[in-house]
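Enquirer: For reference, the structure I am asking about is given below.
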Amino acid sequence: PDTPYLKVTPSMLKRHSGRRGTDAWSAFAGRVYNITPYADYHPGGRGELLRCAGKDGTRLFGEVHPWVNYETMLSACLVGVLVPEEEGSR
Ligand code: HEM
């Protein structure tokens, strides 16, 4: 069946770089999350976390702490799935 998730393209992701303070999105392993609600709780600090805002953070995340279970921690913050540019929801 069709996925119920929003299809997020790299350019949509880029528009959610968190400059307004409330809408920082990042992609990890093909899933897009709103990382803003977590920013104040991140043990590595807000600034470190926001380095991946508006981008695919998979590599950076893996370099720092591959053992962290973000899928569970951020399950309530799931926005959608990352798709190629031409397959976006809008
Ligand atoms: C530490 C979660 C993204 C940098 C941690 C820890 C957690 C966590 C649970 C503590 C880990 C431990 O002590 O074993 C997350 C989640 C992320 C995320 C859920 C994604 C949404 C990032 C990114 C960066 C980063 C993108 C780097 C640019 C750090 C650093 C620490 C840390 C430097 C070490 C803090 C310290 O021990 O002093 N993060 N993180 N994190 N994180 Fe993240």
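Please treat every number below as a calculation from the coordinates, not as lab data. Model, not experiment: these values are computed from the prediction. Backbone-built Cβ (ideal geometry, glycine too); neighbour counts: all protein chains shown.
Enquirer: Could I have the simple spin-label model distance between Val64 and Asp23, label points 7 Å from Cα toward Cβ, reported in nm to one decimal?
Expert: The modelled label-to-label distance comes out at 2.3 nm.
Enquirer: Name the residues of the range 55-90 whose amide N is less than 20 Å from a point 7 angstrom out from the Cα of Lys14 along the C-beta direction?
Expert: Once the point is set 7 Å along Cα→Cβ of Lys14, 55-60, 80-90 turn out to lie under 20 Å by backbone N, inside the range 55-90.
Enquirer: Next up: Residue separation times 0.36 nm, minus the C-alpha to C-alpha distance between Arg46 and Tyr5: what's the value?
Expert: 12.1 nm
Enquirer: Let me spell out the model: positive unit charges on the Cβ of Lys and Arg, negative unit charges on the Cβ of Asp and Glu, origin at the Cα centre of the range 6-82. What dipole size does that give, in debye rounded to 20?
Expert: 340 debye
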